[in-house]
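**Student:** I am attaching a structure below and will ask some questions about it afterwards.
Each value in this text was obtained by applying a stated rule to the coordinates, not by laboratory testing. This is a predicted model, so every value here is computed, not measured. FYI the Cβ positions are ideal-geometry reconstructions off the backbone, even for glycines, and counts take in every protein chain you see.
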Amino acid sequence: MEQLAGRVAVITGAGRGGGRALTLECAREGMRLAIADLDGDRIEQVAGEARALGAEAFAMAVDVSERDDIEALAERTYAEYGEANLLLNHAGVSVRGPTVDASEIDWEWTFAVNLRGVLNGIRAFVPRMREQEGPAQIVNTASLSGLVARANEHGVYTASKHAVVGMTNVLRDELAPEGIGVSCWCPGGMATNQTNSNEYRPEKFGGYYEFAAPSLGKLPNPMQPEDVAPRVLAGARENRRYIITHPHRISDVTDYYDRMFADYEAGARIADELTSGA
Ligand SMILES: NC(=O)c1ccc[n+]([C@@H]2O[C@H](COP(=O)([O-])OP(=O)(O)OC[C@H]3O[C@@H](n4cnc5c(N)ncnc54)[C@H](O)[C@@H]3O)[C@@H](O)[C@H]2O)c1
């Protein structure tokens, strides 16, 4: 998609942080906006900020874990704009703490938002995108934690983001023949409220709770979301398989895969030893 001006962007989790920054960047690009968040007050505020930048925008209170909510977002988007050219499935939450100690509800909530929320976006929008004339690009927000596992990270979140990466890659190959682009965005640290997701856990998943786990501390080299957002749009324009806004985190990935390659070498040696010993 070469030109964003006049195109329609749909953004979930847009009430704050990365989603808000993406919204305002899309507004600056002249896009028409359909934005959604669990927090109805915040999302209205962000829509007001986008309009102040000259963008056409509507806001909806949406829980991405609810299929009907996203269906309603899609219906309204197509009723008002007739198409959706850039779908940013961004809403996500983070749970910290040792994997063994994570509760059922930690797993349910995290997967309901981080994985099923993305899936709901895809299910609601792809059938409609297939019928539209204009271009269609989907960006699913995963994480560096979807590419690697780190000792200071949390198993529940890491598992959910690995799932998003896997699903997004398969979806990309499935939809490419139809001309629908799919990208996987893997941020590696933004200065947002994400580590305090517990503040907005909905009642159906147990409501507000205090994190028992110690703070992760400051994320290494966190970027400001407004510096990250233009990089996301540039990656989406190029329909990158991965949108890498934090290239300075590449050693996390190479170190992780070097360890995996070492185990492949060990696997080859073990196979040889077993064959020659047979
Ligand atoms: N901040 C980081 O360092 C970082 C790093 C990697 C990936 N990410 C990913 O970015 C995404 C958002 O992170 P952020 O940093 O912008 O966080 P944030 O906490 O600042 O914003 C998240 C927004 O999502 C909304 N939200 C939460 N649950 C929702 C639901 N069920 N339905 C709709 N909206 C919901 C919240 O109300 C909030 O406005 C997540 O997918 C997260 O995993 C963030």
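**Student:** Identify which of Tyr242, Tyr78, Tyr257 has the largest mean-square fluctuation in a Gaussian network model of the chain, with springs joining Cα atoms closer than 10 Å.
**Tutor:** Evaluated over the chain, the most mobile residue of the options is Tyr257.
**Student:** Another question, then. Most exposed first by the Cβ proxy, i.e. fewest other Cβ within 10 Å, how do Tyr208, Tyr81 rank?
**Tutor:** Tyr208, Tyr81
**Student:** Take Ser143, Ser160 and order them by how many other Cβ atoms sit within 10 Å, fewest up front.
**Tutor:** The fewest-first ordering by Cβ neighbours comes to Ser143, Ser160.
**Student:** By how many nm would the segment from Arg241 to Asp272 grow when fully extended, if each residue of separation counts as 0.36 nm and the alpha-carbon distance is taken off?
**Tutor:** Taking Arg241 through Asp272 to full extension adds about 7.6 nm, to one decimal.
**Student:** Quick check: the angle from helix 155-175's long axis to the longest principal axis of the chain, C-alpha only, nearest 10 degrees?
**Tutor:** 70
**Student:** Specify whether the C-alpha gyration tensor of the stretch 1-152 places it in the rounded, prolate or oblate class, a ≥ b ≥ c being the square roots of the eigenvalues: rounded for a/c under 1.5, otherwise prolate if a/b is larger than b/c and oblate if not.
**Tutor:** Prolate shape, in that a/c is at least 1.5 and a/b is the bigger ratio.
**Student:** Residues in the stretch 123-151 near a label at Glu71, defined as backbone nitrogen under 13 Å from the 7 Å Cα→Cβ point?
**Tutor:** Inside the label zone: 123-125.
**Student:** In whole Å, largest first, what are the principal axis extents of the Cα atoms in the chain?
**Tutor:** 70, 46, 33
**Student:** Also: May I ask you to sort His90, His154, His248 by Cβ crowding, counting other Cβ atoms within 10 Å and putting the fewest first?
**Tutor:** Ordered from fewest to most neighbouring Cβ atoms within 10 Å, His90, His154, His248 come out as His248, His154, His90.
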